[in-house]
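Q: One structure is given below, represented as structure tokens, and several questions about it will come after.
The values are calculated or read from the model by the stated rules, or taken from the named source; none is laboratory data. Keep in mind that what you see is a predicted model, and the values were worked out from it rather than measured. For neighbour counting, all protein chains shown are included, and Cβ atoms are generated from backbone atoms with ideal geometry for every residue, glycine included. Accessible surface is based on the protein model in full, side chains and every heavy atom, while ligands, DNA and RNA are left aside. Shrake-Rupley method; radii C 1.70, N 1.55, O 1.52, S 1.80 Å.
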Amino acid sequence: MTQEQTESLFKVLNESAKTLEGVLQTSYLDAFIETGNNLLNGGEVQIEDGLPSEKTVKELQTLYSEADYRQMDAESVRRAIQLCMLAAIKDDDIQANHQLTPDTLAYIMGYLVSRIEKDRSHLTILDPAVGTGNLLTAVINQLKPVVAGEIDGFGIDNDDTLLSVAGISAAMQRLSVDLVHQDAMETMMVKKADLIVSDLPIGYYPIDENVVNFDTHAESGHSYVHHLFLEQSVKQLVDGGIGVFLVPAQLFQSEESAGLLKWMQSSAYLQGLLTLPSELFINASARKSILILQKSGNGAKQAKKVMLGEFPSFKDQEAFQKFIAEIVQWEERTLLSDH
């Protein structure tokens, strides 16, 4: 049933976006935003300067009537939107840093934090590089069954187009998510978070003067943006809060890693580093790991045993399940029992 819902909603979103893309002479992504807003507006088609035509409006309204997102569960809606974003990547040739986090990784990150945040009376979760919101909403949907109270989501991004997609996605999933359009290296205009999840952008941050007061800034030239994001994210956590990040697998092997480690020793505990299977990435340089940091304070301390490891191939189900069981055991016996 869930798969049927996803497919039926994707058909409506994709076909209506392609229709608007042609009629409005715009990108697939902008056409998707237009059609998403139409759906959130009760299927009322926005007309500007006579476009789309009356004939096209009727076609769109017929399409919109074929699948009612309001009757679908959040995950079905999220996956349908994700399929549209995959279409946008192909259609609009979207750059790598703006591409969405695959479900496999989103589920693993959600699984990691579900045990940590279980039974909370209230949870504030932030993604400071939220993009289209796929990772944030996937994790929120996984947390909803285990968190006793409300979950308030927050997302930051400097790309207003991606934020528009994230806003549509959260609204169609009926999730409480506030989105802020800003440079995440500036003072974040959101409340401090209990939990941060993020697929960090990789590369260099271009505005050197904005980060001169960061401990992780480079001594010369541009600084690694993923280092800066880690520092800024930990600042935005409450004392003892957890951050789970997708980072380059070579994070601690770059020429700037000494500065990163020095900052980390004074501000956060490195509780885990889990390298993802090479099969998920085009080449070795693109490989990523999941980094688990905990902000110092509020009784937090370094786990006696840091969780270090490498995921086996996802194709080897037996080895994968065994590795997941080891992570669960570590969380329950080490991370949670130590706190």
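Q: Looking only at the stretch 240-282, which residues are under 19 Å from Gln99 (Cβ atoms) and either in a helix (DSSP H, G or I) or open to solvent by 20 Å² or more (accessible area, probe 1.4 Å) (or both)?
A: Once the filter is applied, which keeps residues that are under 19 Å from Gln99 (Cβ atoms) and either in a helix (DSSP H, G or I) or open to solvent by 20 Å² or more (accessible area, probe 1.4 Å) (or both), the stretch 240-282 yields Pro248, Ala249, Ser278, Glu279, Leu280, Phe281, Ile282.
Q: Looking at the stretch 288-321, which of the residues that are of a type in the set (D, E, K, R) and either touching a His at 6+ places or on another chain (Cβ under 9 Å) or more than 16 Å from Thr275 (Cβ to Cβ) (or both) is least open to solvent (accessible area, probe 1.4 Å)? Steps first, answer last, please.
A: First, the residues of the stretch 288-321 that are of a type in the set (D, E, K, R): 288, 295, 301, 304-305, 310, 315-316, 318.
Now drop any that are not either touching a His at 6+ places or on another chain (Cβ under 9 Å) or more than 16 Å from Thr275 (Cβ to Cβ) (or both), which leaves 295, 301, 304-305, 315, 318.
Values: Lys295: 29, Lys301: 95, Lys304: 171, Lys305: 125, Lys315: 172, Glu318: 155 Å².
The selected residue is Lys295.
Q: (1) more than 27 Å from Thr275 (Cα to Cα); (2) more than 14 Å from the chain's Cα centre (by Cα): which one isn't true of Val165, the others all being true?
A: (2)
Yes or no, residue by residue, for (1) under 20 Å from Asn134 (Cβ atoms); (2) open to solvent by less than 30 Å² (accessible area, probe 1.4 Å):
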{"site": "Ala184", "(1), (2)": "yes, yes"}
{"site": "Tyr204", "(1), (2)": "no, no"}
{"site": "Glu209", "(1), (2)": "no, no"}
{"site": "Glu219", "(1), (2)": "no, no"}
{"site": "Glu231", "(1), (2)": "no, yes"}
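Q: Could you give me the residue pairs with C-beta distances under 7 Å whose first residue belongs to the stretch 143-155 and is under 16 Å from Val177 (Cβ atoms) and part of a strand (DSSP E or B), whose second residue is of a type outside the set (A, V, I, L, M, F, W, C) and open to solvent by 80 Å² or more (accessible area, probe 1.4 Å) wherever it lies, and which are 6+ apart or on separate chains?
A: Close Cβ pairs satisfying both conditions: Ile151/Lys144; Phe154/Asp178.
Q: In the stretch 99-106, is there at least one residue being over 28 Å from Arg287 (Cα atoms) and surrounded by fewer than 24 Cβ atoms within 10 Å (Cβ to Cβ)?
A: Filtering the stretch 99-106 down to residues over 28 Å from Arg287 (Cα atoms) leaves none.
No, every residue in the stretch 99-106 fails to be over 28 Å from Arg287 (Cα atoms) and surrounded by fewer than 24 Cβ atoms within 10 Å (Cβ to Cβ).
Q: Same structure again: Which one of these is in contact (Cβ under 8 Å) with a residue 40 or more places away in the chain, out of contact with any Gly (no Cβ under 7 Å at 6 or more places or on another chain) and crowded, with 17+ Cβ neighbours inside 10 Å: Ala129, Ala138? Steps first, please.
A: Numbers: Ala138 fails: out of contact with any Gly (no Cβ under 7 Å at 6 or more places or on another chain).
One residue alone meets the criteria, Ala129.
Q: Would you confirm, using the coordinates I've provided, whether Asn41 is open to solvent by 20 Å² or more (accessible area, probe 1.4 Å), in contact (Cβ under 8 Å) with a residue 24 or more places away in the chain and under 16 Å from Gln173 (Cα atoms)? Spell out how you get there, then give the answer.
A: On the way: open to solvent by 20 Å² or more (accessible area, probe 1.4 Å): yes; in contact (Cβ under 8 Å) with a residue 24 or more places away in the chain: no; under 16 Å from Gln173 (Cα atoms): yes.
Here the answer is no, as Asn41 does not meet what is asked.
Q: Does Asp159 count as within 23 Å of the chain's Cα centre (by Cα) and open to solvent by 20 Å² or more (accessible area, probe 1.4 Å)?
A: Numbers: within 23 Å of the chain's Cα centre (by Cα): yes; open to solvent by 20 Å² or more (accessible area, probe 1.4 Å): yes.
When the stated conditions are applied, Asp159 passes them.
Q: Given the conditions (1) within 29 Å of Thr35 (Cβ to Cβ); (2) open to solvent by 20 Å² or more (accessible area, probe 1.4 Å); (3) in a loop (DSSP other than H, G, I, E, B), and given that Leu179 satisfies all but one, which numbered condition is not satisfied?
A: With respect to (1) within 29 Å of Thr35 (Cβ to Cβ); (2) open to solvent by 20 Å² or more (accessible area, probe 1.4 Å); (3) in a loop (DSSP other than H, G, I, E, B), Leu179 is out only on (3).
Q: Additional query: Gly110: under 28 Å from Met307 (Cα atoms) and in a helix (DSSP H, G or I), yes or no?
A: It is true that Gly110 is under 28 Å from Met307 (Cα atoms) and in a helix (DSSP H, G or I).
Q: Starting from the stretch 185-207, keep only residues that are among the aromatic types (Phe, Trp, Tyr), then list their pairs with residues that are part of a strand (DSSP E or B) and crowded, with 20+ Cβ neighbours inside 10 Å whose Cβ atoms are within a distance under 8 Å, requiring at least 6 positions of separation or different chains.
A: Tyr204/Ser223; Tyr204/Tyr224; Tyr205/Ser223; Tyr205/Tyr224
Q: Continuing with this model, one more query. Run down Ala31, Ala67, Ala17 and say which single residue is in contact (Cβ under 8 Å) with a residue 40 or more places away in the chain, in contact with a helix residue (DSSP H, G or I) (Cβ under 8 Å, 6 or more places away or on another chain) and part of a helix (DSSP H, G or I).
A: Values: Ala31 fails: in contact (Cβ under 8 Å) with a residue 40 or more places away in the chain; Ala67 fails: part of a helix (DSSP H, G or I).
Selected residue: Ala17, the only one of Ala31, Ala67, Ala17 that is in contact (Cβ under 8 Å) with a residue 40 or more places away in the chain, in contact with a helix residue (DSSP H, G or I) (Cβ under 8 Å, 6 or more places away or on another chain) and part of a helix (DSSP H, G or I).
Q: Kindly provide the set of residues from the stretch 262-277 that are out of contact with any helix residue (DSSP H, G or I) (no Cβ under 7 Å at 6 or more places or on another chain) and either closer than 17 Å to Val306 by Cβ or without any contact (Cβ under 8 Å) to a residue 40 or more places away in the chain (or both), ordered by number.
A: Met264, Gln265, Tyr269, Gly272, Leu273, Leu274, Thr275, Pro277
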